[in-house]
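Following: one structure in structure tokens, then a few remarks.
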Amino acid sequence: MEAYAKRRNTELFCVNQNWHISFTRVAACTPAELTSAPRLYVRPLAGAPDPALGAPVVEGLGLGFYRLAKPDLAGYSPVSVSERAAWYSAFILQTGWSTIEAGGFVWSMGDRSNLGLHIGQAAGTRVLLDLAAFLPRPDYRQELTIEVNGKAVATAAFTQQDNRKQVAFVVPAGSSDDVAVSLRLAHPISPKQAGVSPDGRVLGVRLFGLTVERK
């Protein structure tokens, strides 16, 4: 479908989550597309339906295509990964994340991971991220800096004695309703590098969910 569209000089779609490494990078969504383009969530039709998705707008080859509108996260908080996996896959998780794990969380990968939060009247709202770091050794320490629209707004440190926590920041004045959040990790490491498993993903923190509090 993509090749046919390109022959007609049409950019038909881009792919955000679960883009397999064997495919070309040119079809992966750019940050601009993730911010402005309409979203379709794709899942197999077999199995139990997800009431949060509603009815598919298109069906074919055993797949359902569901149109999703950006939710105002302030109206649904707390927004957990386990309960709102479709929202995280379609809107919230940008670049630098693993796929959602069965335990209801998602790993940040590498030294920078990005989130896109849609919050009505976002400026001045308080956001709390429910996080826990990958700490492969008792003495390991992880340090996090949170940036909003390129500006540092919060820092946090994680140790074995103080790991899972709510890390809060305030959306700066002048921000639009679409808030670009970056998590910068000082010491990401893979389980393989740490000698605890063959997993080669370079991990930073687990994200379990978020809460938006009005000022």
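The values are calculated or read from the model by the stated rules, or taken from the named source; none is laboratory data. Worth saying up front: this structure is predicted, and the values here are computed from it rather than measured. Backbone-built Cβ (ideal geometry, glycine too); neighbour counts: all protein chains shown. These accessible areas exclude ligands, DNA and RNA; they are computed on the full protein's heavy atoms, side chains included. Shrake-Rupley method; radii C 1.70, N 1.55, O 1.52, S 1.80 Å.
In sequence order, the range 202-215 has phi-based couplings of 8, 9, x, 10, 8, 9, 9, x, 8, 10, 10, 10, 5, 6 Hz under the Karplus curve 6.51 cos²θ - 1.76 cosθ + 1.60, θ = phi - 60°, and Gly or Pro positions carry x. Amide H to amide H distances under 5 Å link Cys29 with Val15, Asn16, where only residues 5 or more positions off or on other chains count and H is placed in the peptide plane. For the peptides 97-106, 76-85, the ranking by packing is 76-85, 97-106, with the highest mean count of neighbouring Cβ atoms within 10 Å listed first. If R0 is taken as 22 Å, the Cβ-Cβ distance between Asp178 and Arg112 corresponds to a FRET efficiency of 0.75. Lys/Arg Cβ at +1, Asp/Glu Cβ at -1, dipole of the range 44-105 taken about the Cα centre: which of Gly104, Gly62, Gln94 is farthest positive-ward? Checked the options; the winner is Gln94. Computed over protein heavy atoms with a 1.4 Å probe, the carbon and sulfur contribution to the accessible area of the chain reaches 54%. Just add up the charged neighbours of Gly104: K/R +1, D/E -1, any other residue whose Cβ is under 11 Å from the Cβ of Gly104. Charge balance near Gly104 sits at -1.
Rolling a 1.4 Å probe over the protein heavy atoms leaves Lys165 with an accessible area of roughly 40 Å². Three semi-axes describe the equivalent ellipsoid of the range 102-215; taken as square roots of 5 times the Cα gyration tensor eigenvalues and ordered largest first, they are 27, 13, 12 Å.
What the Cα convex hull of the range 73-112 gives, in volume per residue, is 77 Å³. Here volume of the Cα convex hull per residue in Å³ was computed from the coordinates, and among [x] 117; [y] 107; [z] 144 the match is [z]. For Ile189, the residues 5 or more places off, or on other chains, whose built amide H falls under 5 Å of its own are Leu203. Using only alpha-carbon positions in the range 81-153, the gyration tensor eigenvalues give semi-axes of 22, 18, 11 Å once each is multiplied by 5 and square-rooted (largest first).
Charge tally for Ile119 (other residues, Cβ to Cβ under 14 Å; Lys, Arg +1; Asp, Glu -1): 0.
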